1. Ignoring ligands, DNA and RNA, what accessible area per residue does region 162-202 give at 1.4 Å, in Å²?
2. At a Cα cut-off below 21 Å, give the lysines reachable from K76, other chains included and same-chain residues fewer than 8 away excluded.
3. Mind checking the per residue accessible area of region 21-88 for me, 1.4 Å probe, whole number of Å²?
4. If the viscosity is 1.567 mPa s and the temperature 4 °C, what Stokes-Einstein diffusion coefficient in µm²/s follows for region 11-69 when Rh is the Kirkwood radius over Cα pairs?
5. What base-10 log of the normalised intensity I(q)/I(0) is obtained for region 142-232 from the Debye formula, alpha carbons as equal point scatterers, at q = 0.16, 0.17 Å⁻¹?
6. Of N139, I213, V176, which is farthest along the charge dipole of region 135-213 in the positive direction, counting Lys and Arg as +1 and Asp and Glu as -1 at C-beta?
7. Return the long-range amide H neighbours of I47 (sequence gap of 5 or more, or a different chain), with a cut-off of under 5 Å between placed amide H atoms.
8. In straight Cα distance, which lysines are under 21 Å from K24, not counting same-chain residues fewer than 8 positions off?
Amino acid sequence: MAAKDDGYPFVSEAEIIRAVGVTKRFGALVAVDRVDYVLHQNEVAGIIGSNGAGKTTFFNLLTGYFTPDEGRILYKGQDITRATPRQRVELGLMRTFQLTATFENLTVVDNLVLAFFRAHRSSSLFHLLFNTRRRFRNNDKILLTLETFELQTLAATEVRHLSLGEKRRLEIAMAVLAEPQVLLLDEPLAGLSDSEIKAVLAVLRRRIGQQTILIVEHKISQVEDFLQRLTVMHEGRVIADGGYEECLRDPAVRRSYWQIDVDAEQAPNLTA
Ligand SMILES: Nc1ncnc2c1ncn2[C@@H]1O[C@H](COP(=O)(O)OP(=O)(O)OP(=O)(O)O)[C@@H](O)[C@H]1O
Ligand SMILES: [Mg+2]
């Protein structure tokens with residue numbers, strides 16, 4: 001990889017998202033402070049940081065729910081800084097939970113059918129489908145999705161009867177059916193039990209290599225053996241970016257994220 005003038009690695013076609021000097025203020029508070037970030041094709045990347053680090057704000061800047069006060073956001077080289085969330089979805093950029101609301105009184109399989117048609121067909125057909133969705137329940141893509149996300153036995157269950165972990169798997173399955181370029185997930189593991197976390201990560205693992213995934217998580221311990229690359233935010237800034245161990249060793253990360261007295265300790269403890 002050759003370095004360009006701006007110091008970024010140059011990886012033309014493999015680059016999906018680039019944020020350049022992105023800043024978002026809420027009054028006097030700088031929630032996201034001149035953040036530079038690059039996400040590459042098929043990366044499984046995570047952004048972590050303590051409470052109030054700016055992770056969700058940055059996520060909302062990428063998805064278009066906020067517009068930055070300064071800086072630019074590029075999608076495959078195209079400036080999307082001012083594009084709406086819907087426009088970004090149409091570019092194939094991403095799906096988020098906000099855009100994949102489930103229908104509580106419909107079954108799992110019918111939610112998948114509706115998600116598939118919402119993503120791939122015209123809206124008039126989508127409305128028609130409310131009456132004719134039965135026909136599409138055996139569609140190959142729907143069957144494969146049920147299998148990948150381990151929802152086969154729940155296919156005929158109404159969403160309101162699902163556990164939180166099952167519902168999270170369905171939400172991610174619905175997002176994936178839209179075949180997004182980037183699957184962006186803000187705290188997909190929040191509120192789940194340890195076994196539900198394992199189940200969600202297991203189905204996400206099956207997407208590795210076919211899907212660019214960016215996860216924002218508060219707790220690193222839950223995603224440490226899932227993520228290939230980590231970015232650590234603190235007080236609105238990126239303080240470390242790279243492999244897991246590299247980030248753990250970083251003095252700034254140890255000081256702010258784990259609140260370790262770096263000067264007082266001798267050798268870094270990688271199991272912290
Ligand atoms: N809509 C808003 N209006 C005002 N302040 C906000 C808004 N959203 C976030 N903030 C503030 O911006 C800072 C960053 O918040 P953000 O939600 O991005 O942090 P986070 O890293 O996602 O934290 P958490 O781990 O708690 O989810 C915080 O100080 C927060 O109070
Ligand atoms: Mg958050």
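1. Numbers: 1320 Å² over 41 residues.
Per residue, region 162-202 has an accessible area of 32 Å².
2. Result set, ordered by chain and number: K4.
3. Values: 2840 Å² over 68 residues.
I get 42 Å² per residue for this part.
4. Working: Rh = 12.3 Å.
The calculation lands on 105 µm²/s.
5. -0.63, -0.72
6. N139
7. The answer is I215, V216, E217, T231.
8. Within reach: K55.
The values are calculated or read from the model by the stated rules, or taken from the named source; none is laboratory data. Quantities reported herein were computed from a predicted structural model and do not represent experimental measurements. Backbone-built Cβ (ideal geometry, glycine too); neighbour counts: all protein chains shown. Side chains included, ligands, DNA and RNA excluded: accessible areas come from the protein's heavy atoms. Shrake-Rupley method; radii C 1.70, N 1.55, O 1.52, S 1.80 Å.
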